[in-house]
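**Q** Quick one: this structure, given as structure tokens, is what I'll be asking you about.
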Amino acid sequence: MDTERYDLLIIGGGINGVGIARDAAGRGLKVLLVEQSDLASATSSASTKLIHGGLRYLEYFEFRLVAEALAERETLLRIAPHIIWPLQFVLPHESHLRPAWMIRAGLFLYDHLGHRVLGFGGVSSLPKSKGVRLAADGYGAGLKRDFERGFLYYDCWVDDARLVVLNARSAAAHGAAILTRTRLVSARREGTEWVATLNGGAGGRTVHASAIVNAAGPWVRQVLDDVLKVKPSATVRLVKGSHIVVPRIHEESHAFILQNPDRRVIFMIPYERQFTLVGTTDVPVTRDDYRARITRKEIDYLCEAASRYAEKPISPGMVVWSYSGVRPLYDDGKEDPSAVTRDYHLQLDTGAEPDGAPVLSVFGGKITTYRRLAEQAMEKLSGRFPGKPAWTHTEPLPGGNLEGQSFRGLLLDYRRRHPRLPKVWLTRVLRRHGALADEIIGDAREERELGRNFGGGLYERELEYLVAHEWAREAEDVLWRRTKCGLHMSAAEKMQVRAWLAENAVT
Ligand SMILES: Cc1cc2nc3c(=O)[nH]c(=O)nc-3n(C[C@H](O)[C@H](O)[C@H](O)COP(=O)(O)OP(=O)(O)OC[C@H]3O[C@@H](n4cnc5c(N)ncnc54)[C@H](O)[C@@H]3O)c2cc1C
């Protein structure tokens with residue numbers, strides 16, 4: 001058994017764990033992050049994939065959260081322009097559900113909140129909201145003709161699983177050790193530090209750490225109760241959300257935000273070129289349902305909600321893929337799962353002694369606010385690790401430094417330099433890797449030089465790269481998280497990826 005010493009041991013390779021790992025490592029701390037499965041294998045790859053203020057949270061008076069999230073939208077767009085980009089949202093108007101004045105007031109607040117409340121300098125890079133006539137202004141495609149008017153506003157799209165991987169890569173580049181498929185099984189305080197037992201592929205190991213961050217998402221309470229034996233006052237509400245993927249319902253680039261008669265909103269978003277993503281649901285679950293799956297009732301609910309608006313009804317038979325995740329919400333005591341706060345809460349425990357080894361637990365949080373959450377986690381731990389300034393808002397994530405070019409400029413440049421490589425593939429690889437795409441393309445000038453073609457836009461060169469640099473080990477890591485090639489492959493093609501990974505296993 002090895003014994004190693006760290007400043008910070010982080011539990012969980014979801015967005016909050018890797019975000020804190022990046023921030024802490026960049027401040028010079030010796031960091032170890034352990035993830036029991038693959039990076040982003042739980043909630044952080046199952047989101048609606050929006051970097052957004054959360055228009056609907058205004059109805060719950062969550063002004064602090066919305067303001068912070070809107071300001072973060074600007075920061076994240078700047079540091080990761082390859083995996084995050086602006087998306088137009090169209091809200092078809094239905095006066096009996098919400099009157100026009102209410103929507104106008106909400107959008108006015110949404111346009112201004114990010115700047116005013118946080119004192120975030122400058123103007124949003126996204127256009128302001130406005131009223132539109134759906135058919136006449138080109139926003140009616142795919143919708144029933146009954147909907148004549150609507151509202152247009154902007155938020156951003158993100159590849160959530162890649163945001164996690166890029167934060168992990170950045171953390172590692174700043175010196176953090178990232179161990180996937182490694183579980184924290186027990187930990188105890190010994191004097192002013194933690195002694196933790198980990199279980200991974202290479203067997204058990206013991207590590208010492210000055211502090212622990214519990215970013216275990218839906219498992220946050222289980223880690224506190226069963227592993228660390230700490231009794232926190234905060235609790236977590238586990239609320240499942242599911243999405244379905246259906247053939248694309250219109251050829252335009254805008255998404256829809258649809259009002260449902262139960263007052264919830266449902267998104268319909270263009271997805272992976274040929275598809276439309278529809279979500280989500282809010283279903284309370286218990287601790288036995290960590291590995292969430294969609295139910296027939298949720299599929300029916302989403303199909304029905306989308307069909308109220310879609311020109312051609314959406315039926316369960318059209319669903320080509322679905323995914324579900326469990327929101328680890330901070331329990332604010334609200335009855336309705338849709339009303340429970342989406343804000344986060346950080347709880348610090350130092351045990352019986354005032355200078356005991358701290359554990360900081362993360363309750364709630366959004367993909368959108370992970371970077372600010374990480375900064376506040378470091379602030380909470382500043383008693384242990386003082387004097388290091390915040391830095392993550394300035395350094396681009398890996399592949400995000402486009403050297404002053406827009407993403408489109410980068411794409412045109414690559415197309416010019418690689419005229420014989422498939423255009424669609426180039427776009428996808430640039431979306432995945434941004435300015436690091438050359439590390440995959442290397443000296444390849446034509447398709448056959450990219451190595452074996454697995455189908456669905458995956459070639460051997462990229463597969464090797466994902467294994468070497470992005471902790472990909474199993475087929476699911478590659479097909480559904482590092483890429484979404486799984487959506488574009490046959491079952492036989494997926495088997496080939498599985499077989500290749502088994503032959504080229506990394507231990
Ligand atoms: C349906 C849905 C839609 C959403 N949409 C959006 C959206 O559009 N925009 C947005 O900003 N947010 C959205 N969210 C919220 C966002 O996805 C989550 O808040 C966020 O992903 C939580 O990240 P996390 O790191 O806390 O948890 P997770 O991603 O769940 O990570 C926790 C990790 O800890 C690991 N772990 C647990 N126990 C151990 C252990 N003992 N040892 C080692 N590892 C362990 C788990 O394997 C897991 O990978 C959505 C959430 C859901 C469910």
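The values are calculated or read from the model by the stated rules, or taken from the named source; none is laboratory data. These numbers were taken from a predicted model, which means no experiment stands behind them. Positions of Cβ are backbone-derived with ideal geometry, glycine not excepted, and every protein chain shown enters the neighbour counts. The accessibility values were calculated without ligands, DNA or RNA, using every heavy atom of the protein model including side chains. Shrake-Rupley method; radii C 1.70, N 1.55, O 1.52, S 1.80 Å.
**Q** How many residues does the range 158-170 contain that are within 13 Å of the ligand (Cβ to nearest atom) and open to solvent by 10 Å² or more (accessible area, probe 1.4 Å)?
**A** 1
**Q** Can you tell me which residue is nearest to the ligand (Cβ to nearest atom) among those in the range 1-58 that are in a strand (DSSP E or B) and open to solvent by 20 Å² or more (accessible area, probe 1.4 Å)?
**A** TYR6
**Q** Still on this structure: Among the candidates ARG408, ARG420, single out the residue that is free of Cβ contacts under 8 Å to residues at least 60 places away in the same chain, part of a helix (DSSP H, G or I) and open to solvent by 60 Å² or more (accessible area, probe 1.4 Å).
**A** Within the list ARG408, ARG420, the selection yields ARG408.
**Q** Okay, next question. Which residues, counting only those in the range 171-200, are within 13 Å of the ligand (Cβ to nearest atom) and of a type in the set (Gly, Ala, Ser)?
**A** Of everything in the range 171-200, those that are within 13 Å of the ligand (Cβ to nearest atom) and of a type in the set (Gly, Ala, Ser) turn out to be SER186, ALA187, ALA196, GLY200.
**Q** Follow-up. Out of everything in the range 355-367 that is open to solvent by less than 10 Å² (accessible area, probe 1.4 Å) and over 19 Å from LEU238 (Cα atoms), what residue ends up being farthest from the ligand (Cβ to nearest atom)?
**A** GLY356
**Q** Something else: Pairs please, first residue from the range 379-398 and surrounded by fewer than 14 Cβ atoms within 10 Å (Cβ to Cβ), second anywhere and polar (S, T, N, Q), Cβ atoms under 9 Å, 6+ apart in sequence or on different chains.
**A** Here the result reads GLY383/THR350, each pair linking the range 379-398 to a residue that is polar (S, T, N, Q).
**Q** Just checking, which of ARG372, ARG327 is of a type in the set (D, E, K, R), outside any helix (DSSP H, G or I) and touching a residue at least 24 places away in the same chain (Cβ under 8 Å)?
**A** Selected residue: ARG327, the only one of ARG372, ARG327 that is of a type in the set (D, E, K, R), outside any helix (DSSP H, G or I) and touching a residue at least 24 places away in the same chain (Cβ under 8 Å).
**Q** Based on this model, can you work out whether ALA292 counts as under 30 Å from ARG221 (Cβ atoms) and buried (at least 21 other Cβ atoms within 10 Å of the Cβ)?
**A** yes
**Q** Which residue out of ARG408, ARG431 is more than 16 Å from the ligand (Cβ to nearest atom), within 21 Å of the chain's Cα centre (by Cα) and of a type outside the set (Val, Ile, Thr)?
**A** ARG431
**Q** Taking the criterion of being open to solvent by 20 Å² or more (accessible area, probe 1.4 Å), farther than 30 Å from ILE212 by Cβ and of a type in the set (Phe, Trp, Tyr), would at least one residue in the range 342-354 satisfy it?
**A** Checked the range 342-354: no residue is open to solvent by 20 Å² or more (accessible area, probe 1.4 Å), farther than 30 Å from ILE212 by Cβ and of a type in the set (Phe, Trp, Tyr).
**Q** Against the conditions (1) farther than 22 Å from ARG22 by Cα; (2) surrounded by fewer than 21 Cβ atoms within 10 Å (Cβ to Cβ), where does ALA468 fall short? Just the number, please.
**A** The failed condition is (1).
**Q** If you check SER307 against the conditions, is it at pLDDT 95 or above and within 28 Å of GLY142 (Cα to Cα)?
**A** yes
**Q** Could you tell me whether any residue of the range 425-445 is in contact with a strand residue (DSSP E or B) (Cβ under 9 Å, 6 or more places away or on another chain), surrounded by 14 or more Cβ atoms within 10 Å (Cβ to Cβ), of a type in the set (A, V, I, L, M) and part of a loop (DSSP other than H, G, I, E, B)?
**A** Yes: the range 425-445 contains one or more residues that are in contact with a strand residue (DSSP E or B) (Cβ under 9 Å, 6 or more places away or on another chain), surrounded by 14 or more Cβ atoms within 10 Å (Cβ to Cβ), of a type in the set (A, V, I, L, M) and part of a loop (DSSP other than H, G, I, E, B).
**Q** So which of PRO86, PRO99, PRO81 ends up being away from the ligand (no atom under 11 Å from the Cβ), over 20 Å from TRP391 (Cα atoms) and within 16 Å of the chain's Cα centre (by Cα)?
**A** Exactly one of PRO86, PRO99, PRO81 is away from the ligand (no atom under 11 Å from the Cβ), over 20 Å from TRP391 (Cα atoms) and within 16 Å of the chain's Cα centre (by Cα), namely PRO86.
**Q** Would you confirm whether any residue within the range 219-236 is part of a strand (DSSP E or B) and at pLDDT 95 or above?
**A** no
**Q** Please go through the range 220-234 and pick out each residue that is touching a strand residue (DSSP E or B) at 6+ places or on another chain (Cβ under 8 Å), open to solvent by 30 Å² or more (accessible area, probe 1.4 Å) and within 12 Å of the ligand (Cβ to nearest atom).
**A** ARG221, the sole residue that qualifies.
**Q** Just one of the numbered conditions (1) within 19 Å of ARG431 (Cα to Cα); (2) in contact (Cβ under 8 Å) with a residue 24 or more places away in the chain is not true of ALA475; which one?
**A** The failed condition is (1).
**Q** Let me ask you something else. In the range 237-259, what residues are part of a loop (DSSP other than H, G, I, E, B) and either among the aromatic types (Phe, Trp, Tyr) or touching a residue at least 40 places away in the same chain (Cβ under 8 Å) (or both)?
**A** ILE249, HIS250, GLU251, GLU252, SER253, HIS254
**Q** Within the range 235-251, track down each residue that is closer than 30 Å to ALA196 by Cβ and open to solvent by 40 Å² or more (accessible area, probe 1.4 Å).
**A** Matches in the range 235-251: THR235, ARG237.
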